[in-house]
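Undergrad: Here it is, the structure, as structure tokens.
The values are calculated or read from the model by the stated rules, or taken from the named source; none is laboratory data. Computed from a predicted structure; not experimentally measured. We place every Cβ from the backbone using ideal geometry, glycine too, and count neighbours over all the protein chains shown.
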There are 2 protein chains.
Amino acid sequence: MTTDPLVLFTPSGKRGHFPVGTPVLTAARQLGVDLDSVCGGRGICSKCQITPSYGEFPKHGVTVAEAALSEWNKVEQRYDDIRGLTKGRRLGCQALVQGDIVIDVPPESQVHRQVVRKRAEVRDITMNPSTRLYYVDVEHPDMHKPSGDLERLIEALETQWDLQDVKADLHILQSMQPVLRKGDWKVTVAVHLGDEIHPPTIMHIWPGFYDGSIYGLAIDLGSTTIAAHLCDLQTGDVVASSGIMNPQIRFGEDLMSRVSYSMMNKGGDQEMTQAVREGMNTLFAQVADEAEIDKALIVDAVFVCNPVMHHLFLGIDPFELGQAPFALTSSGALSLYAKELDLEIHPTARVYILPCIAGHVGADAAAVALSEAPDKSKDLMLVVDVGTNAEILLGNTNKVLACSSPTGPAFEGAQISSGQRAAPGAIERIEIDPQTKEPRFKVIGSDIWSNEDGFADAIATTGVTGICGSGIIEAIAEMRLAGLLDASGLIGSAEQTGTSRCIADGRTNSYVIWDGSEEGGPNITVTNPDIRAIQMAKAALYSGARLLMDKFGVDTVDKVILAGAFGAHISAKHAMVLGMIPDCPLEKVTSAGNAAGTGARIALLNTKARTEIEDTVRRIEKIETAVESRFQEHFVNASAIPNSTEPFPILNSIVSLPDVNFNTGGGDQPGGRKRRRRRE
Amino acid sequence: MTTDPLVLFTPSGKRGHFPVGTPVLTAARQLGVDLDSVCGGRGICSKCQITPSYGEFPKHGVTVAEAALSEWNKVEQRYDDIRGLTKGRRLGCQALVQGDIVIDVPPESQVHRQVVRKRAEVRDITMNPSTRLYYVDVEHPDMHKPSGDLERLIEALETQWDLQDVKADLHILQSMQPVLRKGDWKVTVAVHLGDEIHPPTIMHIWPGFYDGSIYGLAIDLGSTTIAAHLCDLQTGDVVASSGIMNPQIRFGEDLMSRVSYSMMNKGGDQEMTQAVREGMNTLFAQVADEAEIDKALIVDAVFVCNPVMHHLFLGIDPFELGQAPFALTSSGALSLYAKELDLEIHPTARVYILPCIAGHVGADAAAVALSEAPDKSKDLMLVVDVGTNAEILLGNTNKVLACSSPTGPAFEGAQISSGQRAAPGAIERIEIDPQTKEPRFKVIGSDIWSNEDGFADAIATTGVTGICGSGIIEAIAEMRLAGLLDASGLIGSAEQTGTSRCIADGRTNSYVIWDGSEEGGPNITVTNPDIRAIQMAKAALYSGARLLMDKFGVDTVDKVILAGAFGAHISAKHAMVLGMIPDCPLEKVTSAGNAAGTGARIALLNTKARTEIEDTVRRIEKIETAVESRFQEHFVNASAIPNSTEPFPILNSIVSLPDVNFNTGGGDQPGGRKRRRRRE
């Protein structure tokens, strides 16, 4: 029978008996307890901080005496003097077991710590980065046993860290000899732990103990903007975030115009590739500056993007994506080197690009799937990422379906007479009194309604310049609720609606939200063509979702998640009045923010998530809306506001939609028009 | 019981029963018979040619009827019309089994064919190149089952060729879509089959069936010359060979002076790296031109070189190799990309560099070990690669030892008063009449002895310009045999030797081989300092070999193999009279030519040989001569000609060495001098 002391770790609950004098770190390692260490127990890195607990633990059947651990030692004292050790903490490599003991491993001492996400409903990110730091003691060279310095370094990684078959990049070979000698054969190395394609590889080497960190980038490469999060690969913290406009915009606002540019201009695809890569380098320099780190410490980067951006970024002509059957060059995830893409970060930094789901459903949609995880949801979840193209996912633990739908740029304020990007001065919220038909609104940059005191002052610098995507949604929905607009999308005349804000505008009518003439600004109106543009966009979105519901065999969904910047600002009620999204309890419609960017961050921080999303994507059932006849049918029905056939019972229990009809027999009806040519 | 016809393949002897109508290629594949095919049985590539045999085969118990195979078909006829099919041959994919049949697979139809080496005593090279060609039929894209073009290509390689988990280089992604469409979804791809580090990877893609080949380079990167063999990776043929001077010569003739250059000049190592890489590209362009192929078809390259060249080529400062403990950056084999080394061949061509044995025994010595295979020899084999540094291997199937010894450049004609490189006009053979003490000789470029008619005409254009390495060996050995030179290395005076060709030269004597004054050319003499230089060089060589024999516990070896250009021209008898190599039957002393280059070619053509030599090198026991006191002792003894202590019984049974002594008590004795400072 053993009389060795019991060591019990929380929160894991792992326990075992160890001889008196065993360092806590050693006990943790032997039990497989997740306790961090970079220096391997040499009292240098202080990553293995633990909190011993004393007293009675009836639950565990343990009593911990005051002397259960060795006394505070010189190494700990030195560390405390210089850096300060949180009260109650010990260094796991210095504290030796003397008696039965309960040890708590605080989150920040765990290798696979959880990075907490802001939204309560989603899972935290488990730290499992591609690259980690290891401090090693390398054998000196010996003429009698000749072996290369690299071979002895690799041996040290194997014996001291149990890393098998490690390789080294050429630049390490070129630089390691002086570093080993400068560090007196003690060095810290950054090891990329390998993936399906690459073996574990030494990427960086520092003499002695390196006290800094290494970094990775999560990049959401959009058609309009490129956003990057710079993350600390040890802690998972976002240390800087920045965004730039996609420099390809000068070749075409939307994706199809960029595809056309490359078709019309020889070498046009290469110009665009170069532009986006240069933009990327500007952005990377920007985030590195912001975080005050050397760009060469960025060793990993994860990209998500739509298929056209995917091809243009990789240097592939997107020609085939512009025509049926929309064949991707490669749909799989890609592991590359940053330098293959001309990215100026660490010389052998790795790049991971998430898989594409289909020719119109890109790696950005895969990233949304990773972030929102419909495949792990018991509830049937509809995830909509709204951009100039909407990617739609519908699924639960049984299966996940995906499609894309060509919404066009109307939701981003384009093709709208008073439309503009979401920027200060843009109307983003609007209410119309159903009785007076008078509007009130808020603009970006101010929290005061237009009919409240102080509004004039609040907008003094910005003015009221236009209406952004979420503003136009609310405006049209409010018009419908106020009886200014009928189900077919026609605005009534002043006569029909009883308000002088409805003005004749050619053969149709417009509704004046803001008369800017007095302030010298523009008039902000909603015109019938604006309504049409939004009708087209929302019909495309809804009919994509509805098609997936058909394929799934359901008429309702349990949850709707709106992803993307647009989704973050949209009002669920107004979206439903418009018939953008299926009928659903309002509290079940939530916004996920930049879910694609979050997906990129998850894949950056947790390499297991990469294999996971690759598997998920392989299992996702792809639906091509272009060849589904029911899509056309749904589109026609969804052109009405909210819908000409769907009942929307939950919506109707909340609001009542006036039964108006402003069709005077003339003019074409939006619902009857042919579906527009497919856009990206 | 089966009544299906028997199909028997020679030379493998593999046999099996197959239904009537089975193509011979299919039968071969199912039996695992090594029968080549690039097109996969589509009657395009004609690689699967076989020779059916008819009649009685009592040994196999088979009778083959005339109608045992289907009749000559249209595909075969077309091929015969265009290209001509050797009489008696059929295409294995077209000829269908009709009855019992014996099929011979000719060598050129085998994938793993043997590349015959010229020397009878060594093994042929088994073809097993890194990269092979595959013709595939790729599924068309389908909107309903969206997958990338690459994924369908990879699937075709898996289903049609059983290649698993194939990846593609980025440049393939960038170029494949138009190629697939141009070939109407039929393409030929070159697939690198992967290695320890890399997965199988598509390197090149051609529309339709590609009728050409792909190539590899075997490069012996020497301090003085760089030699390249361009090989066809399908047949193993050397299609072009070329060599250039190492452009680093301008930084220093020998390796140590290059190491010094890099120590004395900041960035000097980088200059030398750039120089050798540029030279490499010149050389590659040269061989590609000679073979009339596109450089981009060179997909693989194998390099062998000494440790200093290894480091300089890789871009590693060779500083540490210039001082004890002579630590290599990496001793292991390296798999890299050609572009990492600025080599302008295929954009993702691979590079393999053989492992180094020790700080002074490089990848060139490993290549010699691969070519000569002492580890596979039952006889105890001494392999000596003579250059400015001699690499020495001693071993048999039990074990192999290795060392290097600093012979210096004397064997290459440097430091010899009349010395020159082996070039037309240089004396390469010499005989001295023991009675008359008169010499006769041959110069490079002529086969007439200097005392024969027509010699004057033969040398009219070249003259007699000097004496090359093998010439000086013979001259000194012949002088010793003729009694003109004593065992200590002193040349006798005219008086002591009785010939006026021995002339006073300062405090010592010289022997005049050729009086060039009449022809206006130089006098060719052997001086006492020449003797000293050769004594030093041969003593270094011998004592290295002798040290290995000590370590092995033997006093004799069974075989001596002289590798390198110098070894190819050396006379075994004269080398032994000089005491360069251990006593051994003369017929057991053979030349291996450029064994390092051959080793590179083996590793290029047979990737299994790479793993093999890596294992062998790991098992080779390295001896560092610099720290072995017995090396000094052997060196002192070996300074005598042939040796002051070793008996050389076999040599003495063939020749008799005059017992002369020209020591007059003055002057220093070569045997008594301190060993020279170690050189590379």
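Undergrad: Just to verify a result, which residue in segment A:622-647, among those that are under 23 Å from residue A:534 (Cβ atoms) and among the hydroxyl-bearing types (Ser, Thr, Tyr), is farthest from the other protein chains (Cβ to nearest Cβ)?
TA: In this case the residue turns out to be A:644.
Undergrad: Next up: Can you list the strands (runs of 3 or more DSSP E) lying wholly within segment A:490-577 that have 2 or more residues being in contact with a helix residue (DSSP H, G or I) (Cβ under 8 Å, 6 or more places away or on another chain) and buried (at least 24 other Cβ atoms within 10 Å of the Cβ)? Steps first, please.
TA: On the way: elements: A:502-505, A:508-514, A:524-526, A:559-563.
Passing ranges, in order: A:508-514, A:559-563.
Undergrad: Among the residues of segment A:450-457, are any crowded, with 18+ Cβ neighbours inside 10 Å, over 30 Å from residue A:544 (Cα atoms) and either in the same structural domain as residue A:326 (by TED's automatic domain parsing) or of a type in the set (A, V, I, L, M, F, W, C) (or both)?
TA: First, pick out the residues of segment A:450-457 that are crowded, with 18+ Cβ neighbours inside 10 Å: A:450, A:455.
Filter again for over 30 Å from residue A:544 (Cα atoms), leaving A:450, A:455.
Cutting the leftovers down to either in the same structural domain as residue A:326 (by TED's automatic domain parsing) or of a type in the set (A, V, I, L, M, F, W, C) (or both) gives us A:455.
Yes: one or more hits.
Undergrad: Another question, then. Which pairs do you get when a residue that is assigned by TED's automatic domain parsing to the domain that holds residue A:303 and without any contact (Cβ under 8 Å) to a residue 12 or more places away in the chain, found in segment A:607-627, comes within reach of a residue that is of a type in the set (Val, Ile, Thr) and in a loop (DSSP other than H, G, I, E, B), reach meaning Cβ atoms under 9 angstrom, with the pair 6+ apart or on two chains?
TA: Note: no pairs meet the criteria.
Undergrad: Just checking, which of B:189, B:136 is without any contact (Cβ under 8 Å) to a residue 60 or more places away in the chain, buried (at least 21 other Cβ atoms within 10 Å of the Cβ) and of a type in the set (Val, Ile, Thr)?
TA: Working: B:136 fails: without any contact (Cβ under 8 Å) to a residue 60 or more places away in the chain.
Only one candidate qualifies: B:189.
Undergrad: Let me ask something additional. Among the residues of segment B:339-354, count how many are surrounded by fewer than 24 Cβ atoms within 10 Å (Cβ to Cβ) and within 12 Å of chain A (Cβ to nearest Cβ).
TA: So the first thing to find is which residues in segment B:339-354 are surrounded by fewer than 24 Cβ atoms within 10 Å (Cβ to Cβ), and the list is B:339-344, B:347-348, B:350-352.
Cutting the leftovers down to within 12 Å of chain A (Cβ to nearest Cβ) gives us B:339-342, B:347-348, B:351.
Summing the residues that are surrounded by fewer than 24 Cβ atoms within 10 Å (Cβ to Cβ) and within 12 Å of chain A (Cβ to nearest Cβ) in segment B:339-354 gives 7.
Undergrad: Something else about it: Residues to consider are B:252, B:216, B:236, B:194; find the one that is touching a Cys at 6+ places or on another chain (Cβ under 6 Å) and either closer than 19 Å to residue B:605 by Cα or not aromatic (Phe, Trp, Tyr) (or both). Steps first, answer last, please.
TA: Values: B:252 fails: touching a Cys at 6+ places or on another chain (Cβ under 6 Å); B:236 fails: touching a Cys at 6+ places or on another chain (Cβ under 6 Å); B:194 fails: touching a Cys at 6+ places or on another chain (Cβ under 6 Å).
Result of the check over B:252, B:216, B:236, B:194: B:216.
Undergrad: Taking the options B:610, B:619, name whichever one is surrounded by 20 or more Cβ atoms within 10 Å (Cβ to Cβ) and either within 14 Å of chain A (Cβ to nearest Cβ) or not hydroxyl-bearing (Ser, Thr, Tyr) (or both).
TA: Working: B:619 fails: surrounded by 20 or more Cβ atoms within 10 Å (Cβ to Cβ).
Of B:610, B:619, the one residue that is surrounded by 20 or more Cβ atoms within 10 Å (Cβ to Cβ) and either within 14 Å of chain A (Cβ to nearest Cβ) or not hydroxyl-bearing (Ser, Thr, Tyr) (or both) is B:610.
Undergrad: While we're here: Would you check which residues across segment B:141-155 are buried (at least 23 other Cβ atoms within 10 Å of the Cβ), farther than 21 Å from residue B:38 by Cβ and more than 7 Å from every other protein chain (Cβ to nearest Cβ) and list them?
TA: Scanning segment B:141-155 gives no hits.
Undergrad: Condition first: crowded, with 16+ Cβ neighbours inside 10 Å, touching a Ser or Thr at 6+ places or on another chain (Cβ under 8 Å) and either modelled with pLDDT of 95 or more or not in a helix (DSSP H, G or I) (or both). Now tell me which residues in segment A:225-249 satisfy that.
TA: Correct list: A:227, A:228, A:229, A:230, A:232, A:233, A:234, A:243, A:246.
Undergrad: Now a separate question. So which of A:252, A:194 ends up being without any contact (Cβ under 8 Å) to a residue 40 or more places away in the chain, surrounded by fewer than 22 Cβ atoms within 10 Å (Cβ to Cβ) and touching a helix residue (DSSP H, G or I) at 6+ places or on another chain (Cβ under 7 Å)?
TA: On the way: A:194 fails: touching a helix residue (DSSP H, G or I) at 6+ places or on another chain (Cβ under 7 Å).
Only one candidate passes the filter, namely A:252.
Undergrad: Sticking with this one: If we scan segment B:326-338, do we find a residue that is in a helix (DSSP H, G or I) and either aromatic (Phe, Trp, Tyr) or more than 30 Å from residue B:524 (Cβ to Cβ) (or both)? Step through it out loud before you land on a result.
TA: Kept after step one, since they are in a helix (DSSP H, G or I), are these residues of segment B:326-338: B:338.
Still in the running and either aromatic (Phe, Trp, Tyr) or more than 30 Å from residue B:524 (Cβ to Cβ) (or both): B:338.
Yes: segment B:326-338 contains one or more residues that are in a helix (DSSP H, G or I) and either aromatic (Phe, Trp, Tyr) or more than 30 Å from residue B:524 (Cβ to Cβ) (or both).
Undergrad: Here's another thing I want to ask about it. Say we look at segment B:622-651 and pick out the residues that are of a type in the set (A, V, I, L, M) and part of a helix (DSSP H, G or I); which of these is surrounded by the fewest Cβ atoms within 10 Å (Cβ to Cβ)?
TA: Of segment B:622-651, the ones of a type in the set (A, V, I, L, M) are B:623, B:626-627, B:636, B:638, B:640-641, B:650-651.
From the residues that got through so far, the ones that are part of a helix (DSSP H, G or I) too are B:626-627, B:636, B:638, B:650-651.
Working: B:626: 18, B:627: 11, B:636: 18, B:638: 28, B:650: 15, B:651: 22.
Per the stated criteria, the residue is B:627.
Undergrad: Residue under question is residue B:324, and the condition is that it be touching a residue at least 40 places away in the same chain (Cβ under 8 Å) and either more than 10 Å from chain A (Cβ to nearest Cβ) or surrounded by 22 or more Cβ atoms within 10 Å (Cβ to Cβ) (or both); does it hold?
TA: Numbers: touching a residue at least 40 places away in the same chain (Cβ under 8 Å): yes; either more than 10 Å from chain A (Cβ to nearest Cβ) or surrounded by 22 or more Cβ atoms within 10 Å (Cβ to Cβ) (or both): no.
No.
Undergrad: Count, please, the residues in segment B:156-179 that happen to be more than 17 Å from residue A:333 (Cβ to Cβ) and at the interface with chain A (Cβ under 9 Å from one of its Cβ atoms). If you could, list the steps in order and put the result at the bottom.
TA: Filtering segment B:156-179 for residues more than 17 Å from residue A:333 (Cβ to Cβ) gives B:156-164, B:171, B:174-179.
If we keep only those that are at the interface with chain A (Cβ under 9 Å from one of its Cβ atoms) as well, we get B:171, B:174-178.
So the count comes out to 6.
Undergrad: Continuing with this model, one more query. Search segment B:389-407 for residues being surrounded by fewer than 24 Cβ atoms within 10 Å (Cβ to Cβ) and in a loop (DSSP other than H, G, I, E, B), and hand back the single one that is farthest from the chain's Cα centre (by Cα).
TA: Let us first name the residues in segment B:389-407 that are surrounded by fewer than 24 Cβ atoms within 10 Å (Cβ to Cβ), namely B:396-399, B:401, B:406.
Okay, now just the ones that are also in a loop (DSSP other than H, G, I, E, B), so B:396-399, B:406.
On the way: B:396: 20, B:397: 21, B:398: 24, B:399: 22, B:406: 22 Å.
In this case the residue turns out to be B:398.
Undergrad: Going through segment B:80-118 one residue at a time, which ones are β-branched (Val, Ile, Thr), surrounded by 13 or more Cβ atoms within 10 Å (Cβ to Cβ) and part of a loop (DSSP other than H, G, I, E, B)?
TA: We begin by selecting, within segment B:80-118, every residue β-branched (Val, Ile, Thr); these are B:82, B:86, B:97, B:101-103, B:105, B:111, B:115-116.
Applying the additional criterion that residues be surrounded by 13 or more Cβ atoms within 10 Å (Cβ to Cβ) yields B:97, B:101-103, B:105, B:111, B:115.
If the condition is that a residue be β-branched (Val, Ile, Thr), surrounded by 13 or more Cβ atoms within 10 Å (Cβ to Cβ) and part of a loop (DSSP other than H, G, I, E, B), then B:105, B:111 are the ones that fit.
Undergrad: How many residues does segment A:198-212 hold that are over 18 Å from residue A:341 (Cα atoms), buried (at least 17 other Cβ atoms within 10 Å of the Cβ) and either within 14 Å of another protein chain (Cβ to nearest Cβ) or within 23 Å of the chain's Cα centre (by Cα) (or both)?
TA: Residues that pass the stated criteria total 4.
Undergrad: Considering only residues that are crowded, with 22+ Cβ neighbours inside 10 Å and either within 14 Å of chain B (Cβ to nearest Cβ) or part of a strand (DSSP E or B) (or both), which ones fall in segment A:119-132?
TA: Once the filter is applied, which keeps residues that are crowded, with 22+ Cβ neighbours inside 10 Å and either within 14 Å of chain B (Cβ to nearest Cβ) or part of a strand (DSSP E or B) (or both), segment A:119-132 yields A:125, A:131.
Undergrad: For residue B:302, which of the numbered conditions (1) in a strand (DSSP E or B); (2) more than 9 Å from every other protein chain (Cβ to nearest Cβ); (3) surrounded by fewer than 24 Cβ atoms within 10 Å (Cβ to Cβ); (4) aliphatic (A, V, I, L, M) fails to hold?
TA: Single failed check for residue B:302: (3).
Undergrad: Further, regarding this structure: Quick check: anything in segment A:417-436 part of a loop (DSSP other than H, G, I, E, B), at negative phi, hydrophobic (A, V, I, L, M, F, W, C) and not assigned by TED's automatic domain parsing to the domain that holds residue A:631?
TA: Within segment A:417-436, the subset part of a loop (DSSP other than H, G, I, E, B) is A:417-418, A:420-425, A:433-436.
Retained after the next criterion (residues that are at negative phi): A:417-418, A:420-424, A:433-436.
Remaining after also requiring hydrophobic (A, V, I, L, M, F, W, C): A:422-423.
Right, trim to not assigned by TED's automatic domain parsing to the domain that holds residue A:631 and you get A:422-423.
Within segment A:417-436, one or more residues are part of a loop (DSSP other than H, G, I, E, B), at negative phi, hydrophobic (A, V, I, L, M, F, W, C) and not assigned by TED's automatic domain parsing to the domain that holds residue A:631.
Undergrad: If you don't mind, there's one more thing I want to ask. Return the residues of segment B:347-365 that are of a type outside the set (Val, Ile, Thr) and touching a strand residue (DSSP E or B) at 6+ places or on another chain (Cβ under 7 Å); say none if nothing qualifies.
TA: Step one: list which residues in segment B:347-365 are of a type outside the set (Val, Ile, Thr), which gives B:347, B:349-350, B:352, B:354-356, B:358-360, B:362-365.
Residues satisfying the conditions are B:349, B:350, B:352, B:354, B:358, B:360, B:362, B:363, B:364, B:365.
Undergrad: Looking for whichever is modelled with pLDDT of 90 or more, within 30 Å of residue B:495 (Cβ to Cβ) and not basic (Lys, Arg) here; the options are B:454, B:466. Which one fits?
TA: On the way: B:454 fails: within 30 Å of residue B:495 (Cβ to Cβ).
When all the criteria are applied, what remains is B:466.
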